[in-house]
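Novice: Before anything else, here's the structure in question.
Every number here is computed from the coordinates shown, using simple stated rules; none is lab data. Computed from a predicted model, the values in this text were never measured in an experiment. Methodologically, a virtual Cβ is constructed for each residue, glycine included, from the backbone with ideal geometry; neighbour enumeration extends over all protein chains shown.
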Amino acid sequence: MPLSLMTLSVVASPVTLQEGLKILQRDDHRCQYCGLDGRASFENALVMRVDFVLPRARKGKKDPGNLVACCIPCNTIKGTRVYANFDEAKAFVLKQREELRKNWESKTARPFARSAKA
């Protein structure tokens, strides 16, 4: 069960295991934002969740039409912002992922190793 940061007490999960499995199955275990395949590897399966398109923090309902399969990175990027629709949310997430990737690549790029033949 999740922990409420406001009260530091355990709170009920927003979606039951059975409800979550139904959403994951409906969406073929794929993140609806980036397309990550939750069945491709154990590691991918570990990061799959169910996302409230209109966040619970913004009065989003626990309705199948408001729930999608989502990986943790996309869920974190999307946050609790409110979007006009799912397509707008997806566009935002994909744009942010690309900006984060470019930033990461620029900071982790290594110069080409010189040939041992010299």
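Novice: List the residues whose amide H sits under 5 Å from the amide H of Leu67, counting only those 5 or more places along or on another chain, with H placed 1.01 Å from N in the peptide plane.
Specialist: Excluding prolines and chain starts, which carry no amide H, the hits are Val53.
Novice: Tell me, in nm to one decimal, what length is gained between Ser41 and Arg97 on full extension, where the rule is 0.36 nm per residue of separation less the Cα-Cα distance?
Specialist: Roughly 18.1 nm would be gained on extension.
Novice: Between Lys61 and Gln25, how high is the FRET efficiency from 1/(1 + (r/R0)^6) when r is the Cβ-Cβ distance and R₀ = 22 Å? Nearest 0.05.
Specialist: 0.60
Novice: Mark the label point 7 Å from the Cα of Arg81 along Cα→Cβ and return the residues of the stretch 26-53 whose backbone N is within less than 16 Å of it.
Specialist: 33-34, 52-53
Novice: Would the stretch 19-66 count as rounded, prolate or oblate if I go by the C-alpha gyration tensor, calling it rounded below 1.5 in a/c and otherwise prolate when a/b exceeds b/c, oblate otherwise?
Specialist: Cα axes put the stretch 19-66 in the prolate bin.
Novice: Decide, for the stretch 13-106, between rounded, prolate and oblate: order the square roots of the alpha carbon gyration tensor eigenvalues as a ≥ b ≥ c, take rounded if a/c falls under 1.5, and otherwise choose prolate if a/b is larger than b/c, else oblate.
Specialist: oblate
Novice: What is the set of long-range amide H partners of Arg30 at a cut-off below 5 Å, with H atoms built 1.01 Å from backbone N?
Specialist: Gly38
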